[in-house]
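> First, the structure itself, so that you have it in front of you.
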Amino acid sequence: MKRSYKLFLKTGLLLASLMLPIGIAVHYDYDTLAYALLALLGILNFWGVYRVLQSNDKLKDELRKNLYIDLNTRLPNRLKLLQEKKKLDPSIDSTLMIINIDSFQNTNNFYGHRFGDQFLKVIGEWLQGNLPPVESSLYKFEADIYAILIKVPFSEFNLQKYLKKLSTKITKDRIMCEEVEVDTTLSIGAYQGKKNLLKLASIACKEAKNKRLAYMIYDKSSHKEAEYHHNMMMNHTLKEALAKDRVVPFFQPILNVRTYEIEKYETLMRIQKENEGYYVPSEFLDVAKHSKIYSKLSMSLIQKAFETFQISSSSFSINLSYLDMTNLVTTTFIMEKLEEFNVGPWVIFEILESDSIDNYEAVLHFISQVKSYGAKIAIDDFGAGYSNFERLSELHADFIKIDGSLIKNIHRNDEMKIIAKTVVNFAKELGIKTIAEYVHSKEVLECVKEIGVNYAQGFYIGKPDAAFKSSSSFFDEQTNTGKVHIL
């Protein structure tokens, strides 16, 4: 573009310099000189236009070439791969590998973006020098992603052999960038087939990265493509649910086993379907947590729970994940709503015991904040995994919810009964009340009462329901469902 501008400028100045003598010649009636100068002007004008057009053609060629090249590494890019994919022989299986540099973001942040760009060049050169022993092409995609395309037949045995060699060699070779040795590992996904090469190789690469494997070959029988399609559709459904206010709170009663009074309710999230029915958390929670939708869903549920129980004397609980308690937007929202609705003394925040907590300081800070409003803390699913008794006192828990895996067969499994009773006794020593989950029958209720559990929750007590009924008696609850149990 700069070259064309200079050419225009030069041509303009030349034309201006020629126009001056032509004007003088016409003024003094030097017709022959004027015609000669005009002829010369025409020739120069033609030459100038020709040069401009020629320059534009070169510029277009350069732009067209750059469209298919990664400007940093000078390797062909994703667009070039898509172009060449169209020329593949449809009668044979091609092989595509997607390669992602592990921890590149850390390297980029630590050494700076200029170093990061240079490091990408180094990796590109290393990959170019370690291509498969058949006709193949290397491509550079966006960020830290590369691709290798093999257009000729390449057996799965040879692919496995190559991927193993490549992932091992990168860890053994000294990868030097600007006199700095960078420990490098790769996550590689590969697919062999006639169509959907890019999509399925990318799925395999994500799986390898998520499972911390060096490489993975897409398994056609794994149904991963259907799973990814489901996740995409569910992600869209969740966005629609937020936009159209389809996040619905369900309420499940919690019984005081000593008084048989319904004292509390657990607030559970449901997503209303387009036609009828609801999605349950097991269908959407994982998808939500891997997107930016999760915190918005949490805040919607909290808002509706606070609105519901603002005019009720019952206590209510809300499940919070580690993500919720360490998300500044979510925690700020909770504090604002505690202030606005003044429901602090009635709300219980349930923390998943099975959640991996990396930042205890942030969690303890959140707990301290909500407790200043009178809120209480429950440890959910206690006993589902490794139960850290030491953490109970640190988290200032008011309740332990004993996981359903320990409760559902407690009436006919003495070992489960002993374990549950140990948890109950330990909690009593710390002044913590216990709630038994998955109480599905009269026999289970009698058993948890016998071992000293304070509260019971489950289908026998009452199923989750969108219609909140402020029932204070277990007998009322049973009558509402058409059943009365005399205990």
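> Multiply the residue gap between Lys289 and Thr259 by 0.36 nm, knock off their C-alpha separation, and tell me the result in nm, one decimal place.
6.9 nm
> Full-extension gain between Glu450 and Asn158, please, as 0.36 nm times their residue separation minus the C-alpha to C-alpha distance.
98.7 nm
> Separate question: Please calculate how many Å² of accessible area the stretch 183-341 carries per residue, with a 1.4 Å probe and no DNA, RNA or ligand atoms counted.
50
> Using all Cα-Cα distances in the stretch 122-245, what percent lands in each 10 angstrom bin from 0 up to the longest?
11, 38, 30, 14, 7, 1
> My understanding is that a pair violates if its Cα-Cα distance is over 32 Å; which of Lys292/Lys421; Lys87/Lys161; Lys140/Lys161 do that in this structure?
Distance filter (> 32 Å) returns Lys292/Lys421.
> Sticking with this one: Which semi-axis lengths, in whole Å and largest first, follow from the square roots of five times the eigenvalues of the Cα gyration tensor of the stretch 108-178?
Rounded to whole Å, the semi-axes are 26, 14, 9.
> I would also like to ask the following. How much space per residue, in cubic angstrom, does the convex hull of the C-alpha atoms of the stretch 66-121 take up?
Convex hull of Cα atoms, per residue: 85 Å³.
> Output the relative contact order of the stretch 67-169, whole-number percent, from Cα pairs under 8 angstrom with separation of 6+ residues.
Averaging sequence separation for qualifying contacts and normalising by length gives 35 percent for the stretch 67-169.
> OK, next. Counting other Cβ atoms within 10 Å of each Cβ, which GluC sites (Glu not before Pro) in the stretch 243-294 have at most 10 and sit in a DSSP loop?
Glu274, Glu276
> Could you list which residues have their amide H under 5 Å from that of Tyr278, counting only those 5 or more apart in sequence or on another chain, with H placed in the peptide plane?
When sequence neighbours closer than 5 places are left aside, the close amide H contacts are Lys273.
> Could you tell me which trypsin sites (Lys or Arg not before Pro) in the stretch 382-442 are loop residues by DSSP with no more than 15 other beta carbons within 10 angstrom of their beta carbon?
Those that pass, being in a loop and sparsely packed, are Arg412.
> Can you give me the distance in nm between label points at Ser137 and Ala466, each placed 7 Å from the Cα along the Cα-to-Cβ direction?
5.3
> Can you compute the FRET efficiency between His365 and Lys194 using 1/(1 + (r/R0)^6), with r the Cβ-Cβ distance and R0 = 41 Å? Round to the nearest 0.05.
That gives a FRET efficiency of 0.15.
> Further question: What full-extension length gain, to one decimal in nm, is calculated for His113 and Glu125 as 0.36 nm per residue of separation minus the Cα-Cα distance?
Stretched fully, the His113-Glu125 segment lengthens by 2.5 nm.
> Give me the one-decimal nm value for the distance between modelled label points at Ser315 and Arg74, 7 Å along each residue's Cα-to-Cβ direction.
7.1
> Going by accessible area, probe 1.4 Å, with all protein chains left in place, what is the ranking of Val122, Val444, largest first?
Sorted descending by solvent-accessible area, the residues read Val122, Val444.
> Another question, if that's okay. Quick one: which of Lys239/Lys273; Lys289/Lys463; Lys239/Lys304; Lys264/Lys289; Lys264/Lys442 span more than 22 angstrom between C-alpha atoms?
From the list (Lys239/Lys273; Lys289/Lys463; Lys239/Lys304; Lys264/Lys289; Lys264/Lys442), the Cα-Cα distance tops 22 Å for Lys289/Lys463; Lys264/Lys289.
The values are calculated or read from the model by the stated rules, or taken from the named source; none is laboratory data. Every value quoted in this text rests on a predicted model; they were computed, and no experiment measured them. Here the Cβ is made from the backbone with ideal geometry for all residues, glycine too, and neighbour counts use every protein chain on show. The accessibility values were calculated without ligands, DNA or RNA, using every heavy atom of the protein model including side chains. Shrake-Rupley method; radii C 1.70, N 1.55, O 1.52, S 1.80 Å.
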